[in-house]
Amino acid sequence: MSKYVIGNLKMNLSSLAELERYFKTLKNELKGKNFKNAEIIICPPAVYLQNFTQKVKNKKIKIGLQNIFWERNGSFTGEISPIMLKNLGGEYAIIGHSERRGYFGETNEMVNLKIKLMIKERLMSIFCFGETMEERGAGLTSGIISSQIQEGLKDITPSGLEKIIFAYEPVWAVGTDVIPTSNGIMEVKILVRKILTEKYGMKYAQKVAILYGGSVKAKTLNQVCLDPGMDGVLVGRESLNPVEFLKIAKSLDV
Ligand code: PGA
């Protein structure tokens, strides 16, 4: 299976000048590089979706959003639907990111509605889950992750599962430069595979990609991705620097 390298640009690149600088560096860095076994996806702020699908999307790089709504259209002020994503050339959306859950009250039920509509529209969901430090301290990690996954996948069939990429993002590792041990990450990977096997059977569960996210850097890739055998990474801050981001992609393109 090729490795996923997903960049979450979050609420950055605040001016067109900054955006242009980002495009220029990215283009320079991409020159002469081929990625045979790395699937690169960049998720810009929604206002730049079209800039990215027109200027960045190509055989090497796909485009997604950082959030999505669960209805196709209508009176939902401020929201963006999967139809818009699709019609503007995007193919992915991050769903259930810890910042959405933490700051905007996104629940497992909302995550489920979003993933279901993405599946109907044949788009790929990047489904984030993970425990907080308090939950970890209280020994609740596997319970929390199990319910996030079970509730997030409610009523989703095996063929729907094929449209989901899983991303384990411990909340305490996002934006903090603290990272879990390889064993800690591997334990969660095994837990997720077990939940999926019980729900869908081995045949489907083994095909699912499970990524790690949270303070990913090129120099810690062994610890967070290669050693625990993850299927790729979800990168926040380091994806704002195309040099570092593509360094990560190159290291996983093996
Ligand atoms: P970070 O963010 O790499 O800046 O920790 C990761 C994420 O939020 O996906």
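Computed from the coordinates by the stated procedures, all read-outs in this text should not be read as laboratory data. What you see is a predicted model; the values in this text were computed from it and never measured. FYI the Cβ positions are ideal-geometry reconstructions off the backbone, even for glycines, and counts take in every protein chain you see.
Placing unit charges on each Cβ (+1 for Lys and Arg, -1 for Asp and Glu) gives the range 1-138 a dipole about its Cα centre, and among ASN37, PHE69, SER98 the Cα reaching farthest toward its positive end belongs to ASN37.
Computed from backbone phi, the HN-Hα couplings of the range 239-254 come to 7, 6, 10, x, 4, 5, 4, 6, 5, 4, 4, 5, 5, 8, 8, 10 Hz, rounded to whole numbers (Karplus: 6.51 cos²θ - 1.76 cosθ + 1.60, θ = phi - 60°; Gly and Pro given as x). Scaling against 2.2 N^0.38 Å puts the C-alpha radius of gyration of the range 1-98 at 1.12. For ARG122 and ILE190, compute 0.36 nm times the residue count separating them, minus their Cα-Cα distance, and round to one decimal in nm. Separation in residues times 0.36 nm, less the Cα-Cα distance, equals 21.8 nm. By the rule of a C-alpha distance below 29 Å, with chain neighbours fewer than 8 residues away ignored, the lysines paired with LYS31 are LYS3, LYS10, LYS55, LYS57, LYS59, LYS60, LYS62, LYS86, LYS217, LYS219, LYS247, LYS250. Backbone phi angles across the range 61-67, fed through the Karplus curve with coefficients 6.51, -1.76 and 1.60 (θ = phi - 60°), yield HN-Hα couplings of 10, 10, 10, x, 10, 8, 6 Hz in residue order; Gly and Pro are listed as x.
Total lysine pairs in the range 93-202 at Cα distances under 22 Å, for residues eight or more apart or on different chains: 18. Scanning residues 5 or more positions from ILE40 or on other chains, those with amide H under 5 Å from its amide H are VAL5, LYS62, with H placed 1.01 Å from N in the peptide plane. A simple rule links phi to the HN-Hα coupling: the Karplus curve 6.51 cos²θ - 1.76 cosθ + 1.60 with θ = phi - 60°, which for the range 83-95 gives 5, 5, 3, 5, 5, 9, x, x, 10, 9, 8, 6, 10 Hz, with x for Gly and Pro.
Under the rule of -39500 (n - 2.57) per DSSP H run of 4 or more residues, summed and divided by the residues of the chain, what mean residue ellipticity at 222 nm is obtained, to the nearest 500 deg cm²/dmol? The helix-only estimate for the chain comes to -11500 deg cm²/dmol at 222 nm.
Taken about its Cα centre, the range 3-252 carries a charge dipole of about 1180 debye when Lys and Arg each add +1 at the Cβ and Asp and Glu each add -1 at the Cβ. With K and R counted +1 and D and E -1, the other residues having a Cβ less than 14 Å from that of TRP172 yield a net charge of -4. Mind checking Rg over Rh on the range 3-252, alpha carbons, Kirkwood formula for Rh? Here Rg/Rh amounts to 0.94.
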